[in-house]
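To keep things clear, I will list the structure first and then write my remarks on it.
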Amino acid sequence: MPTVVLVRRARVSLLVLALAGLASLAAAQPAAGSFSVTFVRGWGSLGTGNTQFSYAHNLAAIPGGAVFVADEGNHRLQRFDAAGIYEGQWGGYGSAAGQFQSPGGLALNAAGTLLYVADRDNHRIQVFSPAGVFQRQWGGPGSGAGQFGRPSGVAVAADGSVYVADRDNQRVQQFDANGAFVRQWGSAGAGQGQFADPMGIGVGADQNVYVSDAGHHRVQYFSPLGVYLGQWGSAGNGASQFGYDGPAGLRAAPSGHVFVADPGNSRVQVFTAAGQFVGQWGGYGQGAGQFYFANGVALGAGETVYVADEINHRVQQFTVTLPGAAAPTPTPTLAHWLYLPAVVRFP
């Protein structure tokens with residue numbers, strides 16, 4: 001069993017920060033059956049070693065299995081087990097197959113056998129096995145069908161369809177599982193179905209497609225064929241509002257709920273499939289349950305949620321109970337999180 005490493009150079013201020021984060025998270029626990037969040041563990045620090053990150057930008061998870069993290073500044077992917085234990089990595093800066101220039105959005109197919117990576121500054125999508133074995137790629141810079149301008153998000157539907165948030169081209173492109181172009185929609189603008197920096201993308205249980213329209217601080221959703229269905233959000237820090245550079249990464253849960261990373265407000269918000277606000281957690285800081293630019297969300301088994309805490313260079317894991325489910329018993333202690341630069345994993 002992994003153990004916490006307590007470093008002698010720890011300062012009292014860090015102890016207070018960690019305790020404050022745990023206290024605020026526990027105090028926020030609503031009654032059973034309502035929305036609640038329990039901090040489980042976190043891992044990561046700034047660096048180039050195993051389990052270190054230079055901006056933990058986004059992530060994806062096989063429910064009950066591996067967690068994949070886009071380590072943007074180190075131009076690599078790191079793989080962990082469901083409890084944050086390091087299992088391996090691949091990548092490195094470059095444009096050859098299996099190399100990256102600022103990997104961004106990640107998505108797994110329904111079977112968990114293929115990992116799709118938005119290789120942003122190489123303007124392409126790369127596909128790997130969960131072990132990191134290169135499978136195929138497509139794309140290239142441009143505005144034509146199948147070309148990209150810094151693709152920032154990728155999602156895979158149950159039928160294998162791949163949707164890409166083509167950020168600089170202000171559109172969504174759809175492909176089959178092998179990368180053959182199917183259709184596209186969107187253009188620059190503030191109208192329905194138009195975008196200003198589409199950042200994140202997800203597919204719901206109903207196969208509708210949700211897009212983080214960051215420049216307009218809203219989420220838009222569409223049918224699988226790209227037909228506009230609705231939207232929610234505006235600029236601000238209230239419920240259903242989004243801050244600077246957000247919304248960003250998002251995931252649609254089997255329950256129909258949509259988890260949206262709100263980086264400018266250092267939080268995650270949860271909505272129904274139609275955009276009704278359900279709950280939120282986070283706030284700026286380095287304590288447990290706090291974030292500095294929460295940029296990506298991944299869903300594990302059951303109520304497990306992972307968050308890419310980008311500028312804190314770490315991943316945090318939570319149990320999130322949605323309305324109608326039994327609330328978990330909060331169990332975090334100081335031993336679950338003592339965030340020190342020399343500590344790279346926490347039980």
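Quick one: in the stretch 98-131, which of the residues that are of a type in the set (S, T, N, Q) and touching a helix residue (DSSP H, G or I) at 6+ places or on another chain (Cβ under 9 Å) is most open to solvent (accessible area, probe 1.4 Å)? This residue is Gln99.
Within the stretch 141-160, the set of residues being free of Cβ contacts under 8 Å to residues at least 24 places away in the same chain and under 18 Å from Met199 (Cα atoms) comprises Pro141, Gly142. Taking residues in the stretch 74-91 that are under 19 Å from Gln316 (Cα atoms), and partners anywhere that are surrounded by fewer than 21 Cβ atoms within 10 Å (Cβ to Cβ) and of a type in the set (A, V, I, L, M), the pairs with Cβ atoms closer than 6 Å and at least 6 places apart or on different chains are Arg79/Ala66. Please tell me if Gln137 is open to solvent by 30 Å² or more (accessible area, probe 1.4 Å) and either closer than 27 Å to Ala196 by Cα or among the hydrophobic types (A, V, I, L, M, F, W, C) (or both). It is true that Gln137 is open to solvent by 30 Å² or more (accessible area, probe 1.4 Å) and either closer than 27 Å to Ala196 by Cα or among the hydrophobic types (A, V, I, L, M, F, W, C) (or both). Beta carbons closer than 8 Å, at least 6 apart along the sequence or on distinct chains, pair a first residue in the stretch 110-139 that is farther than 17 Å from Ile201 by Cα and in contact (Cβ under 8 Å) with a residue 40 or more places away in the chain with a second that is hydroxyl-bearing (Ser, Thr, Tyr) and open to solvent by 40 Å² or more (accessible area, probe 1.4 Å) for Pro130/Thr113.
For beta carbons closer than 7 Å, sequence separation of 6+ or different chains, a first residue in the stretch 210-234 that is touching a residue at least 12 places away in the same chain (Cβ under 8 Å) and part of a helix (DSSP H, G or I) and a second that is surrounded by fewer than 20 Cβ atoms within 10 Å (Cβ to Cβ) and small (Gly, Ala, Ser), the qualifying pairs are Gly215/Ala196; His216/Ala190; His216/Ala196. Of all residues in the stretch 223-251, those being buried (at least 22 other Cβ atoms within 10 Å of the Cβ) and modelled with pLDDT of 95 or more number 7.
The values are calculated or read from the model by the stated rules, or taken from the named source; none is laboratory data. Remember, it's a predicted structure, so these values are computed and weren't measured experimentally. Virtual Cβ from ideal backbone geometry, glycine too; neighbours counted across all protein chains shown. Just so you know, the surface numbers come from the protein's heavy atoms only, side chains and all, with ligands and any DNA or RNA stripped out. Shrake-Rupley method; radii C 1.70, N 1.55, O 1.52, S 1.80 Å.
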